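To keep things clear, I will list the structure first and then write my remarks on it.
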Amino acid sequence: MKITKVKAMVSIAMLSSIAYLIMLLNFPMPPFQNFLLVDFSDIPALIAALIFGPMAGILVEFLKNLLDFVMIGSPTGVPVGHIANFLAGVLFILPTYYVYSKLKTRRGMTIGLIAGTVIMSIMMSVLNYYFILPAYTKLMGFPDLRNYVVPGILPFNILKGVLMSIVFMLLFTRMRSWINKHSIVKHA
């Protein structure tokens, strides 16, 4: 049991570091605002969730954003963007994890990734409208961007979820047996 805990802690730390490095490779999507950046750093968090459980995925999301805030900082001094990234990541990986744990097949993973994309996109639109964009407006003096949620935030998150899903499925088809073999979580 002790070896498993050490293995989990080391693996979570390693996956958090990888997620942070991947987060640095972010890029904007031309039709969207400059502050909306695509990165694939949720993939290591999803791998952590599949192997060690949902709390491991949440921890990877937290640690990667904490690392980024400590190393890069925030223009406002308040980690609004980091909180938004954390929430988006959690809203993507948890539905994916739970659907896959019920339907432990490739089709189940596909359905899980679709569910994760839809839930992340809808919930981030709501959170952006009521909390995140008003915080940016207040802290950075931006104009009120809440009218941008439906034409900008929602399609951006759908596109980000689709891109992440495609990249993850390419990895998952090769790593599925390894993930299942090393998983300490018993899926249904």
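Go over the candidates 83, 51 one by one and state the one that is closer than 27 Å to residue 169 by Cβ, out of contact with any strand residue (DSSP E or B) (no Cβ under 6 Å at 6 or more places or on another chain) and of a type in the set (Val, Ile, Thr). Please lay out each step first, then the result.
On the way: 83 fails: closer than 27 Å to residue 169 by Cβ.
Exactly one of 83, 51 is closer than 27 Å to residue 169 by Cβ, out of contact with any strand residue (DSSP E or B) (no Cβ under 6 Å at 6 or more places or on another chain) and of a type in the set (Val, Ile, Thr), namely 51.
Kindly establish whether residue 32 is crowded, with 18+ Cβ neighbours inside 10 Å, modelled with pLDDT under 95 and more than 20 Å from residue 166 (Cα to Cα). Please lay out each step first, then the result.
Details: crowded, with 18+ Cβ neighbours inside 10 Å: yes; modelled with pLDDT under 95: yes; more than 20 Å from residue 166 (Cα to Cα): yes.
It is true that residue 32 is crowded, with 18+ Cβ neighbours inside 10 Å, modelled with pLDDT under 95 and more than 20 Å from residue 166 (Cα to Cα).
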- Message: Against the definition (under 24 Å from residue 113 (Cβ atoms) and either surrounded by 14 or more Cβ atoms within 10 Å (Cβ to Cβ) or touching a residue at least 60 places away in the same chain (Cβ under 8 Å) (or both)), how does residue 175 come out, yes or no?
- Response: yes
- Message: Among the residues that make up region 21-41, is at least one of them assigned to a helix (DSSP H, G or I), within 13 Å of the chain's Cα centre (by Cα) and not aliphatic (A, V, I, L, M)?
- Response: no
- Looking at (1) part of a helix (DSSP H, G or I); (2) more than 19 Å from the chain's Cα centre (by Cα); (3) at pLDDT below 95, which is the only condition residue 152 fails? (2)
- Item | When residues of region 37-48 are limited to those that are surrounded by fewer than 19 Cβ atoms within 10 Å (Cβ to Cβ) and in contact (Cβ under 8 Å) with a residue 60 or more places away in the chain, the one farthest from residue 136 (Cα to Cα) | 40
- Output for region 27-57, where each listed residue is among the polar types (S, T, N, Q) and in contact with a Ser or Thr (Cβ under 8 Å, 6 or more places away or on another chain): none
- Task: State whether the residues of region 96-106 include one that is assigned to a helix (DSSP H, G or I) and more than 21 Å from residue 40 (Cα to Cα).
- Result: yes
- Task: Taking only region 49-67 into account, find how many residues are in contact with a Phe, Trp or Tyr (Cβ under 6 Å, 6 or more places away or on another chain) and crowded, with 23+ Cβ neighbours inside 10 Å.
- Result: 4
- Note on the structure: Checked 78, 90 against criteria (more than 15 Å from residue 17 (Cα to Cα) and either part of a loop (DSSP other than H, G, I, E, B) or touching a strand residue (DSSP E or B) at 6+ places or on another chain (Cβ under 9 Å) (or both)); the one match is 78
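The values are calculated or read from the model by the stated rules, or taken from the named source; none is laboratory data. Since the structure is predicted, the reported quantities are computational estimates derived from the model, not experimental observations. Heads up, the Cβs are rebuilt from the backbone with ideal geometry, glycines too, and the neighbour counts pull from every protein chain shown.
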